[in-house]
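Everything on this sheet refers to the single structure shown next.
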Amino acid sequence: MKKVRIGSGSAYWGDMLDPAVELVKKGDIGYIGFDHLAELTMALLQRAKTKDPATGYIPDIIPWMKAILPTCAEKGITVISNGGGANPEAGGDEVVKLAKELNLTGLKVGVVVGDDIFGKLDEMSAKGIKFKNMDTGEEDINRIRDKIVAANAYIGADSIIEALQEGAKVIVAGRVSDNALYVGPLMYEFGWSFNNPDWDLIGAAITVGHIIECAECCTGGMSNMWKVAPRLWDIGFPIAEVYENGDAIITKTPDSGGLVNQWTIKEHLIYEVHDPSNYLMPDGIADFTALKLEEIGKDQVKVTKMKGKPRPSELKVCIGYRDGFIGEGQVFFPWPDAYEKAKKGAETVRERLKKVNLDAEELRIDYIGVNTLHGEVAPEPTSELNEVGLRVVAKTKTKEEAEKVRREVTHLWTIGSVGSSFGVPLPIRPGYPGTKRRSSHQGYYKGGQVRMKKVRLKDLAYARSGDKGDVSNIGLMAFNKENYEIIKREVTPEKVKKHFKGMVKGDVKIYEMPNLDSLEIVLYNALGGGATRTLRLDQTGKSMGQALLWMEVEV
């Protein structure tokens, strides 16, 4: 049976280069995908492009390509990257120049465009096309129209497949979906088509792409396996060996650090998916509720029984817009009485900010080492702390008002206790996660009396969390089936919202995944507005899953 080996070389803009180099050298792969984009990235790149039309792509793509292209050309490995960002044409041009410098004659470079709809917003609105906010339900973008700086539709693998059919060995794309980097080559190699689709096979491609798209995040990185995963400083990036029937084996670069087992795959599989029976992607809808994971060897997990459904009628659109500034200052206080010193400092700063007439939409005070990540969920300390940091942050309309926060916190150098401070005003580039009709844009969780006891969730399950806009997704993975029955009974939307106190403003939805002994918990309006506008130190909610593990349940 035909198989394709495909690797993942990057999880984000700024990821490590050496594991990608090792992957192309030792991985015996035919394709490598590079995901450089996150929801907050496109607005930053569009802003750069506005200042200089020759920029707007991810700068990393040049040193990355320089390091891997000679080996890829020698071994016949095809490179697919979304590093084109807001300007894939310019990024593609730079790759062509680099190829010439490296004497890689005849290397065909393809560019995928069509995601950027910023210049078409008014035309689309005139045609009655609306962009409903996926988080708030807001019907359209009229309120923020004049503030918009970027608008990109998440497009699928169609154009990647076309580029492969034309012989491209390097493909530079804009805002294609993360897993399209992998769906494209799998559909191309196996001859799967959207014209006569087998949605289970396409769903398998989407699932495999989702598992490996964040590279090290499925090989022991960002993992509950951190205690046992070896040599994380030398972590290996993932390889998916995919078969024509849709089955796949997930492994990693030979002789590398990290770990691949059912837990590292499971925790990324249910990462940031909302409804696990309907994982909506432009290429189709993947259903994760029937698949099976099986450890078949050291660092080898087989994934089978993957399911899919037809493409959704709408595409997701990420819209970035200007919304003021964030001003921040930090001071650290030493033992003795560190926490009391920090609280006294907070009182002092509050009064100073009143005195200078700070005009702020929102003000937040955290105590680093006490409650910065878990907020009100974190218990008060019961012993003396060696040190505590005071973090004061505000959201303002102007840079000048934001600067007041940094400056007044800095004054604690002299009018507070011993400490140090830093912080500069940051521009806010919020994301508006909208949707639009696909046709309007093509891109390219019993009787009897028993005595119960209370335990914390950390004794029953692992958790990992991520973000999509202002929505926090928590994957809660029971250690075994007995524990799964407990968390399914005890972890309810009402209890979860009560546990998080004021941190979660919206609804809580819970999806059951008995095939993985897991719950997918979705918390709406839970991240203070989302990564680019929240005042929380944990901008992307990566600690929300660990905060949930404080929750007590009856067993």
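Coordinate-derived values only; no laboratory data. Fair warning: this is a prediction, and the values are worked out from it, not measured in the lab. Counting neighbours? That spans all protein chains shown, and the Cβs are built from the backbone with ideal geometry, glycine included.
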> Given ILE129, MET65, LEU373, which one lies farthest toward the positive end of the charge dipole of the chain, if we put +1 on the Cβ of every Lys and Arg and -1 on the Cβ of every Asp and Glu?
Replying inline: LEU373
> Distance in nm between label sites at ARG407 and LYS127, each 7 Å beyond Cα in the beta-carbon direction?
Replying inline: 5.0 nm
> Which ³J(HN,Hα) values, rounded to whole Hz and listed in residue order, are derived for the range 531-545 from phi using the Karplus coefficients 6.51, -1.76 and 1.60 in 6.51 cos²θ - 1.76 cosθ + 1.60 with θ = phi - 60°, glycine and proline given as x?
Replying inline: 3, 8, 10, 5, 9, 6, 5, 7, 5, 9, x, 5, 8, 4, x
> So how far apart, in nm, are the two label points at LYS355 and THR492 if each is 7 Å from Cα heading toward Cβ?
Replying inline: 5.1 nm
>> Relative contact order of the range 251-300, please, whole-number percent, based on alpha carbon pairs below 8 angstrom and at least 6 residues apart.
In response: 42 percent
>> Can you give the FRET efficiency to the nearest 0.05 for VAL228 and GLU89, using r as the Cβ-Cβ distance and R₀ = 56 Å?
In response: 0.80
>> Rounded to whole Å, give me the distance from the Cα center of the range 79-130 to that of the range 190-264.
In response: 26 Å
> Under the Karplus relation 6.51 cos²θ - 1.76 cosθ + 1.60, θ = phi - 60°, what is the ordered set of whole-Hz ³J(HN,Hα) values for the range 495-502, x standing for Gly and Pro?
Replying inline: 5, 5, 5, 5, 4, 7, 6, x
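Nearest 0.05, what FRET efficiency do LYS458 and ASN480 give at R0 = 22 Å with Cβ-Cβ as r? Write out the running numbers ahead of the final one.
On the way: r = 15 Å, r/R0 = 0.67.
Given R0 = 22 Å and the Cβ-Cβ separation, E is 0.90.
Over the range 185-315, what relative contact order in percent results from Cα pairs under 8 Å that are six or more residues apart?
Values: 262 pairs, mean separation 35.6, N = 131.
Relative contact order, the range 185-315: 27 percent.
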> By a straight-distance test (C-alpha under 14 Å), which aspartates and glutamates pair with LYS147 as possible cross-link partners, with residues fewer than eight away in the same chain excluded?
Replying inline: ASP122, ASP323
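Count neighbours as other Cβ atoms within 10 Å of each site's Cβ, and list the GluC sites (Glu not before Pro) in the range 111-209 that are DSSP loop with at most 12 such neighbours. Each step should come with its number before you reach the end.
Details: sites: GLU123, GLU138, GLU139, GLU162, GLU166, GLU189; in loops: GLU138, GLU139, GLU166.
Those that pass, being in a loop and sparsely packed, are GLU139, GLU166.
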> Using a cut-off of 16 Å between alpha-carbon atoms, which aspartates and glutamates can reach LYS497, once sequence neighbours fewer than 8 places away in the same chain are excluded?
Replying inline: GLU376, ASP470, ASP507, GLU520, GLU552
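If Lys and Arg each add +1 and Asp and Glu each add -1, what is the summed charge of the other residues whose beta carbon sits under 14 Å from the beta carbon of VAL522?
Working: positive: ARG464, LYS468, LYS497, LYS505, LYS509; negative: ASP135, GLU272, ASP275, ASP467, ASP470, ASP507, GLU512, GLU520.
In short, -3.
Let's see if you can work this out: charge +1 on each Lys and Arg Cβ, -1 on each Asp and Glu Cβ, no other charges. What is the dipole magnitude of the chain about its Cα centre, in debye to the nearest 20?
Working: 74 positive and 77 negative charges, 187 e Å.
Charge dipole of the chain: 900 debye, to the nearest 20.
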> Under the rule that a partner needs its Cβ under 4.7 Å from the first Cβ, which Cys of the chain have none?
Replying inline: CYS72, CYS218, CYS318
>> Please list, by residue number, everything in the range 167-197 whose backbone N is under 11 Å from a paramagnetic label point 7 Å out along Cα→Cβ of LYS108.
In response: 167-170
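Which entries in LYS75/LYS100; LYS344/LYS501; LYS26/LYS266; LYS3/LYS292; LYS397/LYS468 show an alpha-carbon gap greater than 21 Å? Kindly include the intermediate steps, with their values, before the conclusion.
Details: LYS75/LYS100 18 Å; LYS344/LYS501 25 Å; LYS26/LYS266 25 Å; LYS3/LYS292 19 Å; LYS397/LYS468 24 Å.
Distance filter (> 21 Å) returns LYS344/LYS501; LYS26/LYS266; LYS397/LYS468.
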> When semi-axes √(5λ) of the Cα gyration tensor in Å is calculated directly from the model, which label among (i) 144, 38, 17; (ii) 38, 30, 24; (iii) 155, 26, 16 fits?
Replying inline: (ii)
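Just check the range 248-341 against the gyration tensor rule for me: Cα atoms, a ≥ b ≥ c as the square roots of the eigenvalues, rounded for a/c under 1.5, and otherwise prolate or oblate depending on whether a/b exceeds b/c.
Oblate shape, in that a/c is at least 1.5 and b/c is the bigger or equal ratio.
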>> Give me a comma-separated list of calculated 3J(HN,Hα) values for the range 5-16, in order, Karplus coefficients 6.51, -1.76, 1.60 applied at θ = phi - 60°, integers in Hz, x for any Gly or Pro.
In response: 9, 10, x, 10, x, 6, 10, 6, 5, x, 5, 6
